[in-house]
Amino acid sequence: MKYLNEIERRKTFAIISHPDAGKTTLTEKFLLFGGAIQTAGAVKSNKIKKGATSDFMEIERQRGISVATSVMTFEYRDMLINLLDTPGHKDFAEDTYRTLTAVDSVILVIDSVNGVEEQTRRLMEVCRMRDTPVIVFVNKMDRDGKFPFDLLDEIEKELNISLHPLTWPINMGKEFKGVYNLYDKSLNLFTPGQKGTDENSVPIANLSDQLLDEKVGVRDATQLREDVELLEGVYGELETDDYLKGKVAPVFFGSAVNNFGVKEMLDTFIRIAPTPEPRKTDKGVIAPTEDRFSGFIFKIHANLDPRHRDRIAFLRVCSGKFERNKNYRHVRLDKDVRFSAPYSFMARQKEVIDDAYPGDVVGLFDTGNFKIGDTLTEGEQFYFTGMPSFSPEIFKEVINKDPMKTKQLEKGLRQLTDEGVAQLFTQHGGNRKIIGCVGDLQFEVIQYRLLQEYGASVNFVPMAFYKACWITGEKKKVEDFVRFKQANIMEDKDGHLVYLAQSEWFLNTERQNNPDIEFHFTSEF
């Protein structure tokens, strides 16, 4: 219990959303309030040559999208906040799913114009699997979108979660005048601005106050009074316990690009969001208050700095205190490892730290020892569970265009697939290599990075496979199956056998014909 103070001042969360809902912009506003950056770089503006702080890969700057989760740590009101900005694009969903295993709560950004989108549903399902607490931020209120009450209905129905509005917008689009804070009864009139310090908050203890009419006009004041009366009647007080159990999601309205409503959300977040939570292992649950250190690797990023061929493994500290230059047990390899330069992050910039506590995300320099899901302890033998690899949906064979660069290609493929962006399958007893991804954009990123970072140029030839299934069962039965289905049997990079099914019909037929063999859709079995 000796690190209780440190644990209680930490909040670790991820920002998730459908692409283009404004996730990276919101991340930047948080950093502005935390004093971590001074001006926000407009992501798509050509005038400002600086991209978003959290998008650091060349391909992200060209496309204006995030393709890798970035980690940022900043302080706000004596709290230490670890923020993970995730890719919104569905082709990078797997990176996002894994990031969700390393956080204690989530902020879900919804675009007021488009409402709930497909990717939002999938991300919400992953939060549901773990009952992760969620706060909803309805963005882009300065554009003409759906009416707030309709939006609340849509979110509740589509995402299957109860909502509880804590701020309420006054109009939207061109008429947007600000947000009323239901929690501390104040009115925030915002003018579009880039500085994180400009505030224009008017405390209004009683909505019948004439000051309200002066500030927003009689028509809008009357509408706001009606709305608030209705909201207070329907929703009442927020029960923090229901939020922490993942049953109720507080809702905030605003416009990230103009700094509307972001501060209210941040202030509420640091008050109600959970501190580091216990984690499941194969030997029971590990509480953050335990004295001995433990943690797991949830992400690996190769070549974070293109000038140095570095590989960084991201470690989430789960219990105890992580110290620099101390020996820790790498459970899977059963050997001791020590780190002379562990990092904390501000997107691409990193600084060396001496210690870290539960909830913190630490970057470890990796020479190829780590895989996603690896556990580090002070000598105990256990694994953290719940780090899935999903069955890919698109398969392409790798064709090497330059035989002189075979070694570079092998290394590049191994390192990039260790990051978990894609899965590498090698022909059982052969040498053909097939890459499986969740989305098409992944192949472009891999092709681009193989060329830029490893000097290996490749082509991808599409393969007509439906799904990859990990197979297990009685040894003799599996061997027979492998012999009959030679052309469809691959090995993943850990040497596990994988069956690539041509279609759903083929898969179902094989399942019926081989009742003794189990077919798994995730590698976590």
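The values are calculated or read from the model by the stated rules, or taken from the named source; none is laboratory data. Since this is a predicted model, take the numbers as computed values, not measurements. Here the Cβ positions follow ideal geometry from the backbone for every residue, glycine too, while neighbour counts run over all protein chains shown. Remember, those area values only see protein heavy atoms, side chains included, never the ligands or the DNA or RNA. Shrake-Rupley method; radii C 1.70, N 1.55, O 1.52, S 1.80 Å.
Here are some notes:
- Odd one out for Gln447 among (1) crowded, with 16+ Cβ neighbours inside 10 Å; (2) at pLDDT below 85; (3) in a helix (DSSP H, G or I): (2)
- Condition met for Thr197 (surrounded by fewer than 16 Cβ atoms within 10 Å (Cβ to Cβ), among the β-branched types (Val, Ile, Thr) and at pLDDT below 80): yes
- Note on segment 495-525: residues that are open to solvent by 80 Å² or more (accessible area, probe 1.4 Å), out of contact with any strand residue (DSSP E or B) (no Cβ under 7 Å at 6 or more places or on another chain) and without any contact (Cβ under 8 Å) to a residue 12 or more places away in the chain amount to 4.
- Of all residues in segment 384-426, those satisfying the criterion of being among the aliphatic types (A, V, I, L, M) and assigned to a helix (DSSP H, G or I) are Met404, Leu409, Leu413, Leu416.
- When Val126, Val109, Val138 are checked against the criterion of being of a type outside the set (Phe, Trp, Tyr), in a strand (DSSP E or B) and within 19 Å of Val71 (Cβ to Cβ), Val109 stands alone in meeting it.
- Qualifying residue in segment 467-488 (condition: within 16 Å of Thr417 (Cβ to Cβ), modelled with pLDDT of 90 or more and not small (Gly, Ala, Ser)): no
- Matching entry among Gly295, Gly254 (being modelled with pLDDT of 85 or more and farther than 29 Å from Leu166 by Cβ): Gly295
- Scanning segment 258-285 for residues that are open to solvent by 20 Å² or more (accessible area, probe 1.4 Å) and either under 27 Å from Thr377 (Cβ atoms) or in a strand (DSSP E or B) (or both) returns Thr275, Glu277, Pro278, Arg279, Lys280, Asp282, Lys283, Gly284, Val285.
- Cys127 falls short on exactly one of the conditions (1) closer than 21 Å to Val361 by Cβ; (2) open to solvent by 10 Å² or more (accessible area, probe 1.4 Å), and that condition is (2).
- The residues listed here are Asp220, Asp227; of these, the one that is closer than 21 Å to Phe149 by Cβ, of a type in the set (D, E, K, R), touching an Asp or Glu at 6+ places or on another chain (Cβ under 9 Å) and in a helix (DSSP H, G or I) is Asp220.
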